[in-house]
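Chemist: Can you read through this structure? Questions will come right after.
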Amino acid sequence: MSPPYSFIVLTYNEELHLPRFLKSIADLNAPVFIIDSGSTDATVKIGEEFGAQILYNRFENHPTQWDFALKNCPVQTPWVICLDADQMVTPELRQRLINFKTDDFSDINGIYFNRKNFFKGRWIKHGGYYPFYLLKMFKYGVGYSDITELMDHRFVVPGKTVIWKDGYLLEENLKENNISFWIEKHNRYSDLVARQEVERRQSSITQLERPAFWGSPNERKAWFKKIWWKLPRYVRPMLYFTQRMIFQLGILDGRTGIIFHFMQGFWFRLVVDIKIDEILKQQNDTR
C-alpha cells in the first residue's frame, strides 16, 4: 500500500546532495516530485533514476518556487512533505513516517520536524539551533507558501499543528564547506532580506503568521521578528550574537560552531543593516 504522502524537493545543481536525500526516503515508496530550475549537472538524471517526477520552473526566490510546486505538482496523496535537497530523513523520522496513518491525524493540518543543522561537518547544537522546528509536512491543499517573503521561506498551515520532537531532519550543505560559497550565498540572501525590510518599513506589509511568544514555532519566530525590526540597526547584530554565544550557549559548539554563529548571527545581520542604509540613501538621493 502506498503511503498517504508525497515528497516535493527543489533543486538546482544538487548532484552532490540529491542521491543522499533520495536514498534516505527510498524505502518509504512515496511519490517524489522534483522542481528543478535549470540544473546543468546530473541532478535531473539522478532524480529520474530514482523514479522522481521532474518539473521545471525558472527560479525567482524560494517562496514563489514553493508556491509553484504546491500548485503544479500532480499530488494525489492527502499529505505532502516539502524538503530541501541538502536535507536527509533520519531513521527516527523514517519510522514515524512508516507508522503514519491519516486517521490518527484527522484533526491535524501540519507537522513540525526537528532539524539538526551541520556546518563543516559539525552539528550546531547550541546558539538557538537545536531544537529547531520546521513546518515540513501538511495536508495537501491546506498548507501554502508565504509569498509575502522574499527569502525566509516558510509554509503556512491554518488550524492545528503538532511537533515531532524526535522526528529529525539532518541538514548539511556540503558546498558550504567552502567558506567562499557560504559568503557568496549569504551575500545574495542579504540583498533580499535588506530589500524586504525596507519594503516592510515603507508599506503595510504584515506577517501572515500571528506573532505569539507562546504560540507555534512559526508564530514564535514571527514574534521575535517583530521585535527584531524595532531594534536599532548595527546594535541588533551584536545583541543577537551575544544572545547566541552566551545565553544560548553557542560557545559550547567549539571553534567551528563559533565561526558559524559569528558568520550567520553577526556578519550576515551586519551586512543586511549596511545594505538597508544603502537602499535608504539611494532612495533619498533620487528624490
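The values are calculated or read from the model by the stated rules, or taken from the named source; none is laboratory data. The structure presented is a predicted model; accordingly, all values stated were derived computationally and were not measured. Positions of Cβ are generated from backbone atoms using ideal geometry, with glycine treated the same way; all protein chains shown enter the neighbour counts. What goes into the accessible areas is simple: the full protein's heavy atoms, side chains included, and nothing from ligands, DNA or RNA. Shrake-Rupley method; radii C 1.70, N 1.55, O 1.52, S 1.80 Å.
Chemist: Which pairs do you get when a residue that is open to solvent by 10 Å² or more (accessible area, probe 1.4 Å), found in region 77-91, comes within reach of a residue that is part of a loop (DSSP other than H, G, I, E, B), reach meaning Cβ atoms under 6 angstrom, with the pair 6+ apart or on two chains?
Modeler: Every condition considered, the pairs that remain are Thr77/Pro4; Pro78/Pro4; Asp86/His17; Asp86/Asn173.
Chemist: Say whether the condition of being at negative phi, under 15 Å from the mean Cα position of the chain (by Cα) and in a helix (DSSP H, G or I) is met by at least one residue in region 165-187.
Modeler: Among the residues of region 165-187, at least one is at negative phi, under 15 Å from the mean Cα position of the chain (by Cα) and in a helix (DSSP H, G or I), which makes the answer yes.
Chemist: Further question on the same structure: Tally the residues that are among the acidic types (Asp, Glu) and closer than 22 Å to Pro19 by Cα, restricting the search to region 70-111.
Modeler: Qualifying residue count, region 70-111: 3.
Chemist: Only residues that are open to solvent by 90 Å² or more (accessible area, probe 1.4 Å) and touching a residue at least 60 places away in the same chain (Cβ under 8 Å): list them for region 17-56, please.
Modeler: Asp27
Chemist: Applying the selection to region 247-273, what residues are open to solvent by less than 20 Å² (accessible area, probe 1.4 Å), over 16 Å from Ile124 (Cα atoms) and either of a type outside the set (Val, Ile, Thr) or not in a helix (DSSP H, G or I) (or both)?
Modeler: Phe268, Asp273
Chemist: Something else about it: When you check Val157 against the structure, is it of a type in the set (A, V, I, L, M), on the phi < 0 side of the Ramachandran plot and touching a Phe, Trp or Tyr at 6+ places or on another chain (Cβ under 7 Å), yes or no?
Modeler: yes
Chemist: Hey, another quick one. Has region 140-149 got at least one residue that is touching a Ser or Thr at 6+ places or on another chain (Cβ under 9 Å), surrounded by fewer than 16 Cβ atoms within 10 Å (Cβ to Cβ) and modelled with pLDDT of 95 or more?
Modeler: no
Chemist: Among the candidates Phe247, Phe213, single out the residue that is within 22 Å of the chain's Cα centre (by Cα) and either modelled with pLDDT under 95 or not aliphatic (A, V, I, L, M) (or both).
Modeler: After ruling out the rest, the residue left standing is Phe213.
Chemist: Right, next: May I ask you to say which residue of Phe132, Phe105, Phe119 is among the aromatic types (Phe, Trp, Tyr) and open to solvent by less than 20 Å² (accessible area, probe 1.4 Å)?
Modeler: Of Phe132, Phe105, Phe119, the one residue that is among the aromatic types (Phe, Trp, Tyr) and open to solvent by less than 20 Å² (accessible area, probe 1.4 Å) is Phe119.
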